[in-house]
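Written below as structure tokens is the structure these notes are about.
The values are calculated or read from the model by the stated rules, or taken from the named source; none is laboratory data. Note that the structure is a prediction, hence the values are computed from the model and not measured. No Cβ is skipped: glycine too gets one built from the backbone with ideal geometry, and neighbour counts run over all protein chains shown. Areas reflect the complete protein model, heavy atoms only, side chains present, ligands, DNA and RNA absent. Shrake-Rupley method; radii C 1.70, N 1.55, O 1.52, S 1.80 Å.
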Amino acid sequence: MPGLNIVRGRCGDPLPKVQCPNHPDALLVEDYRAGDMICPECGLVVGDRVIDVGSEWRTFSNEKATKDPSRVGDAQNPLLNGGDLTTMISKGTGAASFDEFGNSKYQNRRTMSSSDRAMLNAFKEISTMADRINLPRNIIDRTNNLFKQVYEQKSLKGRSNDAIASACLYIACRQEGVPRTFKEICAVSRISKKEIGRCFKLILKALETSVDLITTGDFMSRFCSNLGLPKQVQMAATYIARKAVELDLVPGRSPISVAAAAIYMASQASAEKKTQKEIGDIAGVADVTIRQSYRLIYPRAADLFPPDFKFDTPVDKLPAL
């Protein structure tokens, strides 16, 4: 081949290095259409007939949405055994596809294993649940990894995969710093709160992992946003809940119920008043739970509000319940 200069590396390196004989230090340019390696300094074609590793056809986003003619397979999934490199042969339609007895001549020699099929179904369920409550991709990936670890350990035999997937989603949310309540997970799954709670404890024990304790601040911005409350009310509710915990006014109460009571107190003191039922529907707690937490913090209401809060209703006029 004219102009081809092959230089062997040191220590008998078997991999040849193609370079221009006149400009050995020049970075060669590849012409993908012609398959040539060209020297950018002098234009010499150093190598030709370079193998194209791209797809055989071009695919446009607005054409053939369901069939991609490039035969490169699906994206590799590292969570599945075999890396998705299996080939599935579809049923033939012509006469040459069947023998004299009507049986298909071409059959799948290897089908997906039952464990891979179970994990794939669980991954789909996790993605569906996460989409319903608008969770980002990093939480889905962490949930998938947690589920794979639990499934391969076989430490939760007898529990349904849907329950394990729901518990893994709950753990992943807490580990990523965006916790969701059990009721929120129940709302997007077909599993009861009690069953998710059982699986949650078993998974933490099986994987020997832990999650951070949830606080009132983890839910405050989301609850206030869903209620349509302004920033001032949200900041006041966050301050009230934090001061109530610091003053030990709500011992043994759930952070969610304390957050709901703080939102109720802050909204009642502002122009954007919300009822206990409205807050309870968003927070997932009963009206009576909000009232119980509110009664604990009401006697010290004057000490709980931030100094710069603009009252629409004075502290002494707040509902006593």
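Residue by residue through the range 178-207, note down the ones that are in a loop (DSSP other than H, G, I, E, B) and either touching a residue at least 40 places away in the same chain (Cβ under 8 Å) or assigned by the TED database to the domain that holds K273 (or both).
Of everything in the range 178-207, those that are in a loop (DSSP other than H, G, I, E, B) and either touching a residue at least 40 places away in the same chain (Cβ under 8 Å) or assigned by the TED database to the domain that holds K273 (or both) turn out to be V178, P179, R180, T181, S189.
Name every residue in the range 176-224 that is open to solvent by 30 Å² or more (accessible area, probe 1.4 Å), among the hydroxyl-bearing types (S, T, Y) and within 24 Å of A260 (Cα to Cα), in order of residue number.
Listed by number, the residues that qualify are S192, T215, S221.
Just to be sure I understand, how many residues within the range 275-312 are among the small types (G, A, S), assigned to a loop (DSSP other than H, G, I, E, B) and touching a residue at least 40 places away in the same chain (Cβ under 8 Å)?
1
I'd like to know if the range 256-269 contains one or more residues that are surrounded by fewer than 19 Cβ atoms within 10 Å (Cβ to Cβ) and touching a helix residue (DSSP H, G or I) at 6+ places or on another chain (Cβ under 7 Å).
No, the range 256-269 contains no residue that is surrounded by fewer than 19 Cβ atoms within 10 Å (Cβ to Cβ) and touching a helix residue (DSSP H, G or I) at 6+ places or on another chain (Cβ under 7 Å).
Given the criteria in contact with a Gly (Cβ under 8 Å, 6 or more places away or on another chain) and open to solvent by 40 Å² or more (accessible area, probe 1.4 Å), does E272 qualify?
Here the answer is yes, as E272 does meet what is asked.
List the pairs whose first member sits in the range 163-174 and is within 9 Å of C199 (Cα to Cα) and of a type in the set (S, T, N, Q), whose second member is open to solvent by 10 Å² or more (accessible area, probe 1.4 Å) and not in a helix (DSSP H, G or I), and whose Cβ atoms are under 8 Å apart, counting only residues at least 6 apart or on separate chains?
From the range 163-174, the pairs are S166/S189; S166/I191.
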